[in-house]
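Reviewing the structure listed below.
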Amino acid sequence: MNKTKLAIGIATTSALVAVGFVVISQLPGLTSASGKYDSCEQLNADFATGVTAALDYVNTGEEIENPVVNVLVLQENLSLDEDRDGIACEVIYVQEDSDNWETLSQPLEICQLQETENIAWESSKGFPVKRDNSALGNVRIAVIPVDFKNAPGEGSPNDLFSDDIQLMKDWAQHFSRGKMSYDIEFNAPNWIRAPKGAEWYTCNQCKGAKKELQSKEEAAQEMVAAADELYDFTGVEMVYFIFPAKAEEVHGTTAYGFNQPMVTDEGPITASVYGEMGGVVGGRPDQVSVWDHAIHELLHFQGFPGHGPSNWTGHFVTVDQWGPSKAVTSWEAFKAGWFAEEEIICLERTSIEQEVFITMDSIDTFGPRKESVMIRLNEEEMIVIERREAGPFTKICPECYSAIEAGFTAYQINVNKPQYRDDSDPNSDDKNYWSFLGSRTDPTITDPVSFKGVTISLAGKNQIKLTVSN
């Protein structure tokens with residue numbers, strides 16, 4: 001590695017610093033030294049890359065080395081933070097290895113791996129892409145809060161969920177790169193009252209329901225009809241129902257269906273249907289939000305298999321909708337038509353004969369550089385490399401129950417392996433068609449990782465190095 005300075009992270013001290021009666025608990029990896037410095041030259045002698053107060057710092061100038069997190073030192077040296085961005089004595093990042101991937105870049109068609117075996121019925125692992133509902137253009141969605149005489153809703157849905165509706169719209173524009181918009185029909189000053197009790201709206205094949213008093217198709221039609229006076233269902237192709245927690249937890253209320261024909265005042269529609277937020281299986285989690293759960297479920301209809309590369313990490317909305325990041329994988333965004341030449345580098349393993357250096361932007365914030373590197377290994381296997389950082393829909397949170405750290409990750413895909421998900425199986429990754437390289441729960445690359453003769457290592461804060469061995 002030809003690099004004079006590479007500060008990938010922060011010191012490895014974990015400490016409790018007591019100040020009077022106040023105890024400042026520092027996270028693992030934070031230093032506890034403090035002191036006043038007269039100049040950046042003096043501070044950088046102890047903290048070579050500067051200091052900041054938080055892991056998710058935002059630099060206002062040129063790209064910098066990762067500063068050390070030390071609240072006390074920053075507070076005592078605020079006069080050295082000349083640009084007032086919360087970083088004192090930052091060090092400009094210097095990249096000495098020039099990117100050399102452009103002559104190796106292949107047309108994106110080379111990376112469109114063809115799925116020919118273990119074809120899933122709902123959505124595709126590879127190409128050609130299969131989906132129930134559109135993932136491009138203007139996608140009409142009805143979000144309907146429905147309650148029941150034996151499980152009444154509380155508050156005004158317009159007050160409760162208007163922010164969720166806006167977040168769904170903003171999210172769609174950001175991650176689809178402007179190629180899809182969620183056009184959401186939502187008009188609910190009050191909960192829409194279903195004509196029957198909550199126990200009538202269940203689904204045997206879904207989560208937890210033990211019986212159906214009517215078919216799930218009849219149930220969905222009744223709820224749409226109840227909303228028809230307030231809702232315009234013209235062009236709606238997906239319906240997301242919001243139920244009171246009691247309906248789910250006590251009565252097993254659930255809605256589910258693919259491209260179901262329904263009758264509305266505006267004429268017949270065909271729409272996929274979803275409704276439940278975890279209350280049917282073990283009780284709805286505290287402080288859940290609607291917008292990210294809705295996105296997770298709607299994306300399944302739109303051809304995103306999700307629940308990978310490794311399930312139950314905080315890296316993607318399609319894995320853990322309530323985790324710290326709401327990003328989507330670049331592989332699924334590629335299949336959806338959201339990512340193209342502006343975001344992706346496609347390489348062939350057989351063409352890599354020397355060290356290859358690639359500087360990348362992140363799939364959380366995007367930028368002028370590429371956000372995804374796809375390395376075709378053979379006709380059914382691929383490595384995908386992405387970079388992660390804090391963004392409008394991503395919180396860097398190494399301590400969260402679904403953790404995510406800034407840096408590079410990589411995962412392997414075999415489009416002809418089965419799509420396997422069993423949350424109770426510790427070997428689920430080995431059986432699934434895709435999985436992270438390295439640690440399943442902490443896949444951020446610090447030491448080199450290898451797969452099928454391709455080694456990925458860090459060459460800088462935003463740069464990777466690829467090498468291939470036969």
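The values are calculated or read from the model by the stated rules, or taken from the named source; none is laboratory data. Just so we're clear, the structure is a prediction, and the values are computed from it rather than from any experiment. Positions of Cβ are generated from backbone atoms using ideal geometry, with glycine treated the same way; all protein chains shown enter the neighbour counts.
A few comments on the model shown:
Yes or no, residue by residue, for (1) more than 25 Å from the chain's Cα centre (by Cα); (2) free of Cβ contacts under 8 Å to residues at least 40 places away in the same chain:
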residue	(1), (2)
Gly35	yes, no
Ala45	yes, yes
Ala48	yes, no
Ala54	no, yes
Leu74	yes, yes
Asn77	yes, no
Asp81	yes, yes
Ser105	yes, no
Asn118	yes, no
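- Scanning the stretch 308-357 for residues that are in a strand (DSSP E or B) and farther than 28 Å from Asn100 by Cα yields a count of 1.
- Selection status of Val280, modelled with pLDDT under 95, over 14 Å from the mean Cα position of the chain (by Cα), assigned by TED's automatic domain parsing to the domain that holds Tyr201 and over 27 Å from Leu55 (Cβ atoms): yes
So that you can scan it fast, the table gives a plain yes or no per residue for (1) under 22 Å from Trp322 (Cβ atoms); (2) surrounded by fewer than 19 Cβ atoms within 10 Å (Cβ to Cβ):
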residue: Ser372; (1), (2): no, no
residue: Glu380; (1), (2): no, no
residue: Val384; (1), (2): no, no
residue: Arg387; (1), (2): no, no
residue: Glu399; (1), (2): yes, yes
residue: Pro426; (1), (2): no, yes
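- Test for Phe393: is it of a type in the set (Phe, Trp, Tyr), farther than 27 Å from Gly278 by Cα and surrounded by fewer than 22 Cβ atoms within 10 Å (Cβ to Cβ): no
- Some residue of the stretch 126-148 being surrounded by 14 or more Cβ atoms within 10 Å (Cβ to Cβ), closer than 22 Å to Ile385 by Cβ and hydroxyl-bearing (Ser, Thr, Tyr): no
- Options Lys125, Lys130; residue that is in contact (Cβ under 8 Å) with a residue 24 or more places away in the chain, assigned to a loop (DSSP other than H, G, I, E, B) and touching a Leu at 6+ places or on another chain (Cβ under 9 Å): Lys125
- Answer from Val239, Val288 - the residue that is of a type in the set (A, V, I, L, M), in the same structural domain as Thr202 (by TED's automatic domain parsing), farther than 28 Å from Tyr401 by Cβ and touching a Gly at 6+ places or on another chain (Cβ under 9 Å): Val239
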